[in-house]
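The values are calculated or read from the model by the stated rules, or taken from the named source; none is laboratory data. All values derive from a computational prediction rather than experimental measurement. Here the Cβ positions follow ideal geometry from the backbone for every residue, glycine too, while neighbour counts run over all protein chains shown. Keep in mind that these areas ignore ligands, DNA and RNA; they rest on the heavy atoms of the full protein, side chains included. Shrake-Rupley method; radii C 1.70, N 1.55, O 1.52, S 1.80 Å.
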Amino acid sequence: MSYDRSQRFETRAIHAGQDPDPTTGAVITPIYQTSTFAQEEVGKHKGFDYSRSDNPTRSALQTALASLEDADWALAYASGLAGTQNVWYLLAPGDHMILSDDAYGGTYRLVSKVLARYGLEYTMVDLTDLDAVRAAVQPNTKMIWAETPTNPYLKIVDIAGMAEIAKGAGARLVIDNTFASPYLQKPLSLGADLVLHSTTKYLGGHSDVVGGAVIGNDPEVYDTLKFHQNAAGAVPAPFDSWLVLRGLKTLSVRMREHNRNAAKIVELLSNNPAVEQVYYPGLESHPGHEVAKRQMLNGFGGMVSFTTAGGYAAARKFVETTKVFTLAESLGGIESLIEHPGEMTHASMAGSGHEVADNLIRLSVGIEHIDDLVEDIEQALAAVAPAKATV
Ligand code: P1T
């Protein structure tokens with residue numbers, strides 16, 4: 001997976017792993033829509049034999065992904081959760097994992113409803129509290145799993161601080177970098193062992209593909225993950241790989257717009273009586289702001305959460321009132337999305353003791369014209385405005 005390390009991020013996103021096609025000169029990486037590859041003699045082929053094992057379009061994507069995280073290797077998956085599951089295959093029954101008390105509901109569902117049945121132990125901790133993390137370490141702790149910013153409360157985890165704890169414990173630190181994207185944050189450079197992405201989000205960027213990636217530097221971990229992936233088969237299709245590859249090319253441009261539009265929306269929400277609290281790491285009042293400034297190098301991203309002053313009823317009304325912000329799960333696309341985590345993305349947190357508030361709303365601020373986004377939020381705020389006190 002070699003790429004030109006002297007090139008900058010924006011150039012790598014367009015060129016790493018994406019040289020013109022050697023057989024035709026095609027400037028854009030072709031979609032190698034084939035399940036199998038001809039062999040001249042048994043075992044003698046041009047580097048590819050079967051598309052579960054590898055495929056040239058996926059290979060190009062993996063090199064590009066590795067380059068964006070300044071890493072030695074990347075593996076692409078059929079979804080973010082397929083990548084997550086593959087990483088958890090590094091653990092054995094009886095091993096213990098520490099994960100955030102605030103995490104994507106599907107990640108929690110996978111550990112609590114699937115892997116726990118195979119003897120994986122886990123503790124959920126507020127990962128912004130490094131002392132609490134130290135206290136949660138057990139002799140059998142082999143992994144710390146952290147999103148930052150977290151989904152949906154946008155808590156900021158100190159990656160370097162967490163890496164130190166993981167190292168002391170003899171555990172691997174995995175950072176789910178989905179919300180930040182490598183344009184904003186490079187966890188491996190701060191001491192993380194592995195990075196996980198749902199490429200469905202900012203990397204794909206257009207809400208037209210589901211995919212995942214695991215990225216790292218340790219060659220032995222690569223061999224183990226690659227073996228498990230080939231054995232189990234959670235690979236992305238050539239066309240899906242191509243869609244993510246195409247998305248990557250504009251990542252930096254999109255992220256700058258997401259940053260800009262989100263900051264404006266945060267400003268609007270912060271000064272409105274219909275809003276109880278805004279969660280955004282770019283706010284100086286956010287408890288993780290200083291850490292975020294240190295580790296998020298190019299802005300604070302496009303994800304914004306807030307609670308409504310009018311409770312659940314206001315939150316439900318709000319998410320069903322916006323017009324430009326589409327009511328839908330997922331995030332990180334060019335279009336603005338709005339959702340109610342308690343009943344949507346985080347419904348599977350029910351019974352965990354870490355349910356999200358029922359008046360919480362999550363926005364994925366897209367790259368439409370900011371005036372249209374502002375007008376849309378303003379009209380939804382007006383619809384849930386608290387009644388004026390009558391004298
Ligand atoms: O959906 P999938 O590609 O399998 O990715 C799972 C995943 C992993 N990590 C984070 C931080 C995520 O947010 C997700 C998926 N999240 C949503 C679908 C959502 O709306 O929050």
Of all residues being under 23 Å from Lys186 (Cβ atoms) and more than 11 Å from the chain's Cα centre (by Cα) in segment 135-151, which is nearest to the ligand (Cβ to nearest atom)? Just the residue, please. Trp145
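Every residue, every condition in (1) within 25 Å of Leu130 (Cβ to Cβ); (2) open to solvent by less than 40 Å² (accessible area, probe 1.4 Å); (3) outside the structural domain of Thr57 (by TED's automatic domain parsing), yes or no:
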position	(1), (2), (3)
Leu190	yes, no, no
Ser207	no, no, no
Asn261	no, yes, yes
Tyr280	yes, yes, yes
Glu290	yes, no, yes
Say whether the condition of being modelled with pLDDT of 95 or more, under 18 Å from the mean Cα position of the chain (by Cα) and assigned by TED's automatic domain parsing to the domain that holds Ile215 is met by at least one residue in segment 43-61. yes
For residues that are within 21 Å of Val324 (Cβ to Cβ) and under 18 Å from the mean Cα position of the chain (by Cα), scanning just segment 335-359, find the one that is nearest to the ligand (Cβ to nearest atom). Thr345
It is to be established whether one or more residues within segment 137-152 are assigned to a helix (DSSP H, G or I), out of contact with any Lys or Arg (no Cβ under 8 Å at 6 or more places or on another chain) and within 17 Å of Ala103 (Cβ to Cβ). no
State all residues of segment 59-89 that are open to solvent by less than 40 Å² (accessible area, probe 1.4 Å) and more than 16 Å from the ligand (Cβ to nearest atom); if no residue qualifies, say none. Ser59, Ala60, Gln62, Thr63, Ala64, Ala66, Ser67, Leu68, Ala71, Trp73
Inter-residue pairs, beta-carbon under 9 Å, first at pLDDT 95 or above and in segment 113-133, second assigned to a strand (DSSP E or B) and of a type in the set (D, E, K, R), 6+ apart: Leu127/Glu147
What single numbered condition from (1) within 16 Å of the ligand (Cβ to nearest atom); (2) over 30 Å from Ser6 (Cα atoms); (3) surrounded by 21 or more Cβ atoms within 10 Å (Cβ to Cβ) fails to hold for Ile98? (1)
Selection from segment 335-383 of residues that are closer than 18 Å to Ala309 by Cα, of a type outside the set (Gly, Ala, Ser) and buried (at least 21 other Cβ atoms within 10 Å of the Cβ): Ile338, Glu339, His340, Pro341, Val356, Asn359, Leu360, Ile361, Arg362, Leu363, Ile377
In this structure, does Leu251 turn out to be more than 16 Å from the ligand (Cβ to nearest atom) and within 24 Å of Ile28 (Cα to Cα)? yes
